[in-house]
Amino acid sequence: MIGMLSATILLPFLGAFVLFTLPSLSEKSAARITLGFTWASSAASLWALLLWMMSGGVRLQTPPLDLFSSASYHFILQLSLDVFAAAFLFLVQFTSGMVIRFSRVYLHREPGFSRFFAIVLMFRGAMCLLTLADNLDLLFVGWEMVGLASFLLIAFYHERRQSVRNALKVFSVYRVADVGMLLGAYLSHSSGHTAVGLLLLLAAAGKSAQFPFSFWIVRAMEGPTPSSALFYGALSVHAGAYLLLRTYPLWSAFGTVHICIGVLGLLTAILCTVFSRTQHTIKGQIGYASVTQVGLIFVELAFGLRWLALIHIVANALLRCYQLLVSPSAVAYLLRQQSAIDTARVSDERSFVKRFLPDRLRATLYVFSVSEGYLEVMIRAIFWNPIEYVAQWLLRFKIPIVVLGFGLVISAMAVTHAIGLILAVIAMLFSILALNQCRDTMIPILWVSASYLMIAFSICFISENRHGEVLYMIGILLSCAVAFCSMLWMRSRKAQGNGTLFRDCAFLGTLGVIGFPFLPTFFGEDILLHEVFRWHPVIAVSLSSLFAFNGYVAIRALAFTVYKDPKMASDGSFNRDQKISTLYEPAVDSERLR
Amino acid sequence: MDSACITDNSTKKSFNFGNLIQRARHWLPAQGPIKEFVHHNTLHAFQHLRFQDASRAAARLYGTRSFMPGEFYLKSYRSGDITETALCRTLERAFPDSSTREKARQRMLSEPIQFQNPRGAAQAGLRALWNPLLKKVSLDRLAHPPLFRMIGGYLDQGLSIWRMPGADRLGFFEAVANLNRSSLLPLYPYSSSSAKELFELSAPEAANRALQRLVGDKDLYETYLLESLLAQPGWAGLVSQCEMNPASLLSPRSITLEEYAAVTLVTEMACLEQALKKDFKPLSALDRFAPLKPDLVPEETEEERLLQVWQEAFEWSYYEPLLGGIADMASRTPTASAAAPAWAFFCIDDRECSFRRHIEEVDPKIRTYATAGFFGLDFMYRGAKDAVAAKHCPVPLTPRHVVIEELIEPKISGVSWWSRRQHIEHEANTFFRGWILSYALGLGSMLRLAASVFRPSLAPVLVPPLSTIHPKGRMKLTRSDEVEGPVGSNDFQMGYTFSELADRVQSVLQSVGVDEKWPGLVVFFGHGSSSVNNPYFAAYNCGACSGRSGSPNARAFAQAANIPQVRDILRSRGIHIPDQTWFVGGLHDTSLDQVTYFDVEQVPPRLQSEMNKLQGSIRAALSANAAERCRRFEILSDKMTPEDALRAVRLRAVSLFEPRPEYNHATNATCIIGRRSMTENLFLDRRAFLNSYDPTKDPQGDILAGILSAAVPVCAGINLEYYFSRLDPNTYGAGSKLPQNVTGLIGVINGVEGDLRTGLPTQMTEIHDPVRLLVVVEQSAETALKAIRQNVGIFEWVANEWVFYACVDPQSAEVSLYQDGQMLRVNGLKAPLNVWKTSHEAHGASRGNLPVGWIRERPSC
């Protein structure tokens, strides 16, 4: 049983690993490897499910395996299977299996064929892990990988700026969700708490595109259609709902959490159904329609209707997955419907809005829907604008700040307790500076390194037990250095475009910076957080946000370095001489007299 | 007039925005709504220039590639795809001086020619000057999403659930203004006070004011406007097309490019004001610029010249053996033809090229002909289940007749609630219905998903295509009264009179130059293509039927030619169709490789056995044809029997996961107008448009001129669209099909906020070799020249080398090529070397393009 469950999880990862390490495989062998690992893990999971059902279908837990432990922190590998996990596991296996089989032909001859399957296999493994994990720490591992896989597939066509930009947008929301997840996971160790529920709700809302993050769902539809169907139709978008379902015992005792989940879900459902009505693209419409249903699933969960929610999750995932896969048929189908005598459309005339609302309100509703409820503007105003102001303010008073900073550091030397706090604040400021520099790719990495350095200093002052932390800091600074150097190298030689080694190094370095699961920095992050929590929760919150921000900055730098297309370079920099010489003849006065 | 309006700086009112729009319109892509995909020359705007000049000028305007990369040519040379003789021939033509020629040759062969493509007007022009000022974003990124949201919502043909208020009665500018005015919530970016002010004016006035704010200098207005439109060629081009052809929209919209451009400019102004906090200066304050001249031809650089030589050498490597082979065929002493048991007529489409060859291989006695697939019948057709009539003739023609299909049992059996909801999942996108349906349909979707992956079949996603033949339908082709309709009115006439039908039958039979010995059976095959999950479905159908299936035309032609009265009229005009001859209409589905016959029950009993025999031959030919097609699909095994191949092509056409149901016109390279005897022993590998024509019956070349004026625009349009989409798949072409998203039922975009994609997706063009069309006619040089000069529009294609034009003299078998105003004799042509016994031996299991070769036997001269 344990063997089967772990095979379910590990086989896809193994497949992904093989594909990642052998990028020059022919299409046929890549497909063979993919399908082999897919069917093998499906067989393992079916076997496990069968065994579980024969043993009566009661909740089953594997024996815990302590993977990593320090004084205050244990990372325990433990899986469990209950009826919810079993149903979701089946959903994961079924949809991802179907989509992989579907894509085998769909992706034929596409550049990046094996990259696609490597990412999808990683996603499949991560979803299985997320489904079966018994504790939140382990669940977080799957959670992170799902986020990274999303990012990589949205940016699959990285020669287009738009898809890279949208991938980053989605990733930034995922990072915010990760903050909730990190803190929630920590708090869940100590005690059940309303805060745990709310933090998990934050995580779930980000991942499942609930209010106020709903806007990302339609912008994620940039990858090949099957990947959109798998991620944003079927699995990824329901991961948040599944998280709440799975952690129900953790938060069910707190009324506030129920109310928050219900209100958030209902709000999302109402807003997204309005948004979906003016989407004039088929994938956009399905995306919002799907999130509407996820909102309703949240409402069902708030009422404690777990079974109903489970059925709703499975049904909605399957429906949306199928809908997205057949979305290219929409032209043929809907046009036919309109122009055939027996099925001419009548829905518009019947609609409630048209019959009962006065024109002015109709226009207002339309504008509200087209503007997607100003959610993106709102997020920008709440989150990005303050960062911009702070960063601009910092940059304007550069020198005084540095002087002031050092003054503070020195003066705080006396009061050793405050220095940690001050250094943490400085680290945060550096992180903000890094976030603000979105045009440049290299400088932000330097800011990120600086902010980690500050954290390292700060830890030295706060913590008594320093070995783990110092190791972590060395690891993360090393990651930063590797990422920085290889990106620098790639930038200087981007004309040649012949640096796969450096690209891989940059990728690995970035993974280190974002704390990718099972890299040393991943554990380091957790240890650090545990350490800091004891000291002060506010620092813990800011530290975990700092991790999220810095990880985002690293991914952004990677995206703009690796994915940089020389043709698109005109976006920011512009060479005026070149324009005059190549495009226009020199300005002649006679031209004007004509 | 125009220039006077523009340079008149003193009076603001006389500024003529309409003229600017008319001039800008010329440079936009000419692709209409995707439901009727009509192939056209991607660079139609530059057609008045010579091809080389045009592609250079276009590269500068659009920022595109004008050649394949240098590596491509060098690799082709090394692999033998570019032949030595072709390279020599091209070099001689380009460099008459032998020393420079040798130098050029050395440079070409030593390393790939590197050439930096220019950046287009939209990327590197005047308007790009905003980007450094905006620092973090580009103007396109600010202005396009809200603009596309508006135009997408406005033009939506029924995809979105709510229609934009006023879209059906107001113009675009007025609709946005109305929305902006009446909404209680702000509509970014139009809610700013300055934008609101502009929306109170008329569209041209608003545009003028916006341009004033943005540009300042009136001389640059046109430049700026053009750049703004070229930055979003998809939507701007579509708007322009919809304005010129309003009937292409099922839900009518009174859209004009003028209004769209006005909204574009207001959007840009409003976005800039918000981003730059109102303190921005017009562009003309930054520096002095000269206006953009879109059709200015840049100097040819050395690299471009060499690449041009490479490109022509690549083309001639195909042309040479082809012309050599045709010359050999023409010089052969013709054998007396035996009486055929049946004739089969096809469209000139290159996909029928191999099918004809296979039919002849299965039964050498069957004679095949080809002519434009609308078979001379220019009508609007309404199928029994259609609510509207659709055009079934080439795009330039304007039909005056409507043909409708009626059900034999006119009482429509009640359409059940369920059958109307075959695609019920499309209704699951609203709140309550979605709630219920997502529970209800979830499990069903699971089964459908599994079925679509493991057992693809047409049933679950079947969309009965528009304007096809209903199994129980009867066509109303004739009209009893012999009166002509009122001349000059737009009214359509229901059906044709007998004499009108006789005219059309006569013209088709004369243009192909049919034999005197009529067979018992004459079958006319239209062609169409079934595919699923494919927004480009219209591009797969018959180009001569405006991107629709040719089945109604084939059926109508057969019916017309069977009517005794029509035959009487024809007889009086000298065309004697014997009474025992019977015409049958049919459809060849090119993706399924399947053939349907219409009205077979009316075939006289005496012909029944011949009909059965013909059907048997055609069935065998279909399998062989499928096998030949399958070699191009890399994903399929290369060891398949014809039966396997047939199963494989039928499966792929109905598979949801198959983005390439067929390869359409890919690899097309030539159009051969002449008797079948000129090509019957040539293996042309599905690369030729074949048009039947008998030069001996057309000494004056009038029939040839007629054929050219129909065939050249269609074939060259297809050829050049493939050419350019292959050349620059991301700018001229539509990129990969896989991430595309259907928008408003009028086009596809990337993501939810991108521009409409124009051109062909890579999945259609990836195996295409960019080669210009070579039109070969079987006719003497003088007559051929006279025929091509008859139609000025057609002559332009040839004179500017968008297509090459060659003729083979039926008597002397001399080959001449049009060059600089005359037909010049081409010497030293080498005939192809390969001789294969059968088509199957010829294509074998190889994957790539095959050289022209002999099939069955090499003609002895």
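Nothing in this text is a laboratory measurement; each read-out follows from the coordinates by a stated rule. These figures come from a predicted structure and were not determined experimentally. Quick reminder, even Gly has a Cβ in these numbers, built from the backbone with ideal geometry, and neighbours come from all protein chains shown.
A few remarks follow.
- Dividing the summed helix terms, -39500 (n - 2.57) for each DSSP H run of n ≥ 4, by the number of residues in chain B produces a 222 nm estimate of -13000 deg cm²/dmol to the nearest 500.
- J(HN,Hα) series, the range A:378-383, from Karplus relation 6.51 cos²θ - 1.76 cosθ + 1.60, nearest Hz, glycine and proline x: 5, 4, 4, 5, 6, 9
- Antiparallel bridges, percent of DSSP beta bridges restricted to the protein assembly as shown (to nearest 5): 45 percent
- Placing R0 at 30 angstrom, the Cβ-Cβ distance between A:Thr21 and B:Thr641 gives a FRET efficiency of 0.15 after rounding to 0.05.
- Distance (nanometres) between label positions extended 7 Å along Cα→Cβ at A:Arg360 and B:Asp820: 7.5 nm
- Mean Cβ neighbour count within 10 Å, used as a protection proxy, ranking B:765-775, B:100-110 highest first: B:765-775, B:100-110
- Peptide B:144-152 has a mean of 2 when you count, residue by residue, the C-beta atoms of other protein chains within 10 Å of its C-beta.
- Dipole in debye (nearest 20) - chain A, about Cα centre, beta carbon charges: Lys, Arg +1; Asp, Glu -1: 1440 debye
- Peptide B:182-192 is shielded by partner chain Cβ atoms: per residue, an average of 5 of them sit within 10 Å of its Cβ.
- Take each peptide in B:511-518, B:380-387, count the other Cβ atoms within 10 Å of every residue, and average; sorted highest first, the result is B:380-387, B:511-518.
- Mean separation of Cα contacts under 8 Å, 6 or more apart, over the residue count of chain A: relative contact order %: 11 percent
- Other-chain or far-sequence residues with amide H under 5 Å of B:Met494's (modelled H): B:Val402
- Taking label positions 7 Å along the Cα-Cβ direction at both A:Leu394 and B:Glu111, the computed distance is 4.6 nm, reported to one decimal.
- Think of chain B as a dipole: +1 on every Lys or Arg Cβ, -1 on every Asp or Glu Cβ, centred on the Cα centre; then among B:Tyr540, B:Ala340, B:Asn691, B:Tyr540 lies furthest on the positive end.
- Only Lys, Arg, Asp and Glu carry charge here, each on its Cβ (+1 for the first two, -1 for the last two); on that basis the range B:470-610 has a dipole of about 160 debye about its Cα centre.
- Pairs exceeding a 29 Å alpha-carbon distance, out of B:Lys365/B:Lys697; A:Lys283/B:Lys135; B:Lys391/B:Lys472; B:Lys35/B:Lys196: A:Lys283/B:Lys135; B:Lys35/B:Lys196.
- By DSSP, the beta bridges lying fully in chain B are antiparallel in about 40 percent of cases.
- A simple rule links phi to the HN-Hα coupling: the Karplus curve 6.51 cos²θ - 1.76 cosθ + 1.60 with θ = phi - 60°, which for the range B:672-682 gives 10, 10, x, 6, 5, 4, 7, 10, 5, 9, 9 Hz, with x for Gly and Pro.
- Sequentially through the range A:79-84, phi angles give Karplus couplings (6.51, -1.76, 1.60; θ = phi - 60°) of 10, 8, 10, 10, 5, 5 Hz, Gly and Pro residues having no value and appearing as x.
- By the beta-carbon count within 10 Å of each Cβ, the least crowded to most crowded order of B:Ile34, A:Ile445, fewest first, is B:Ile34, A:Ile445.
- Seen from a random direction on average, the alpha-carbon convex hull of chain A projects onto 34.9 square nanometres.
- Approximating the spin labels as points 7 Å out from Cα along Cα→Cβ, the A:Asp504-to-B:Ser812 distance works out to 6.7 nm.
- Cβ-Cβ FRET estimate between B:Ser457 and B:Lys613, R0 fixed at 25 Å, reported to 0.05: 0.20
- The range A:30-80 - Rg (one decimal) and Dmax (whole number), Cα, Å: 16.1, 46
- D_trans [Stokes-Einstein, Kirkwood Rh over alpha-carbon pairs] for the protein assembly as shown, 4 °C, 1.567 mPa s, µm² s⁻¹: 37 µm²/s
- The angle between the Cα long axis of helix B:551-562 and the longest principal axis of the Cα atoms of chain B comes to about 40 degrees, rounded to the nearest 10.
- Taking the charge dipole of chain A about its Cα centre, with +1 at Lys and Arg Cβ atoms and -1 at Asp and Glu Cβ atoms, the residue from A:Gly405, A:Leu77, A:Gly515 reaching farthest to the positive side is A:Gly515.
- Farthest toward the positive end of the dipole of chain A, out of A:Ile443, A:Thr194, A:Met54, is the Cα of A:Ile443, where the dipole comes from beta carbon charges about the Cα centre.
- Counting, for every residue in B:655-665, the Cβ atoms of other protein chains within 10 Å of its Cβ and taking the mean gives 4.
- Taking amide H as placed 1.01 Å from N in the peptide plane, the amide H of B:Ala370 sits under 5 Å from that of B:Phe346, B:Ser692, each at least 5 places away or on another chain.
- Spherically averaged projected area in nm², based on the convex hull that wraps the Cα atoms of chain B: 39.8 nm²
- Shape category assigned to the range B:590-656 from the gyration tensor of Cα positions, a/c cut at 1.5: prolate
- For B:Leu521, the amide hydrogen comes within under 5 Å of the amide hydrogens of B:Trp343, B:Trp582, counting only partners 5 or more places away or on other chains and with H modelled in the peptide plane.
- Put a plus charge on the Cβ of each Lys and Arg, a minus charge on the Cβ of each Asp and Glu, and nothing anywhere else: the dipole of the protein assembly as shown about its Cα centre is then about 1960 debye.
- Sum of -39500 (n - 2.57) over DSSP H runs of 4+, divided by residues of chain A (222 nm, nearest 500): -24500 deg cm²/dmol
- Burial ranking of peptide ranges A:247-254, B:353-360, B:205-212, A:263-270 (average Cβ count within 10 Å, highest at the top): B:353-360, B:205-212, A:263-270, A:247-254
- Here r is the Cβ-Cβ distance between B:Thr100 and B:Lys830 and R0 is 30 Å; the resulting FRET efficiency, rounded to 0.05, is 0.70.
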